[in-house]
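Asks: Please see the structure below; I have some questions.
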Amino acid sequence: MAKAVRRNSLPVVQAAGASLGSYDHVDAVAVDLPPGTNAEGFTRLLLSKHPRWTGRLMAVRDRLVAPFGLRVQERTAAQDTRIEPGVRRGPFTVLEVREDEILCGDDDKHLAFRASFAVRPKADGPGLEGVCTTVVRFNRPVGRLYFRLIEPFHHLIVASMLARAAS
């Protein structure tokens, strides 16, 4: 089974779009999954296998944005593996839990975002793929600027998380 991370995959936006109402940015990354994997298992795998450097990067981000009144990221205990509505996992809160998709997100004064962790049949053959879709709505012009500044890190972190989950 090929485990390459596939950037520019077909995004899963229905729940995220409904949650946000409208959005200004969307991207999606996919990876092959073992048979029988559901969205909760995919999400747990992604959130439990993040690279250590991402925590340090988020700590730097928090120090830089705190003076501007942007929300700093809450840290969750490593042993907390609950995936249920209302639970805070890293930079977002779990909003919806379905068999095929976990929708997470956060709203701040500069932007609102949703992260969809979905499992679906592969389009190019048998098997399943996990798709991480990010949907962002800019609330103010500074939101667009902020996202453009962090966008390269966002792509790097998401691809790295999916590659680790696939290994």
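Asks: Counting other Cβ atoms within 10 Å, which trypsin sites (Lys or Arg not before Pro) in segment 84-113 have at most 13 and lie in a DSSP loop? Could you put the intermediate results ahead of the total?
Replies: Values: sites: R88, R89, R98, K109; in loops: R98, K109.
Filter output for segment 84-113: R98, K109.
Asks: Oh, and also: Pop a pseudo-label 7 angstrom from the Cα along the beta-carbon direction at both D108 and L149 and give the gap in nm to one decimal.
Replies: Simple spin-label model gives 1.0 nm for this pair.
Asks: Using the beta-carbon distance between S160 and E99 and R0 = 35 Å, what value does 1/(1 + (r/R0)^6) give for FRET efficiency, to the nearest 0.05? Let's see the in-between values first.
Replies: Values: r = 26 Å, r/R0 = 0.76.
So, using R0 = 35 Å, E works out to roughly 0.85.
Asks: Find how much the distance from S48 to A123 grows on full extension, using 0.36 nm per residue of separation minus their present alpha carbon separation; answer in nm with one decimal. Walk me through the numbers before you get to the answer.
Replies: Details: separation 75, 0.36 × 75 = 27.00 nm, distance 2.69 nm.
Full extension from S48 to A123 adds 24.3 nm.
Asks: Step through the residues of segment 18-28 one at a time and calculate ³J(HN,Hα) from phi using the Karplus curve (6.51 cos²θ - 1.76 cosθ + 1.60, θ = phi - 60°), rounding each to whole Hz and writing x for Gly and Pro.
Replies: With coefficients 6.51, -1.76 and 1.60, one gets 5, 5, 8, x, 7, 8, 10, 8, 8, 8, 8 Hz.
Asks: Could you sort 141-151, 38-48 so that the peptide with the highest average Cβ count within 10 Å comes first and the rest follow in order?
Replies: Values: 141-151: 14.3, 38-48: 20.6.
Answer by packing, highest mean first, reads 38-48, 141-151.
Read-outs throughout are calculated quantities, based only on the coordinates presented, and are distinct from any laboratory measurement. This structure is a prediction, so every number in the text was calculated from the model and none was measured. Note: ideal-geometry Cβ built from the backbone for every residue, glycine included; neighbour counts use all protein chains shown.
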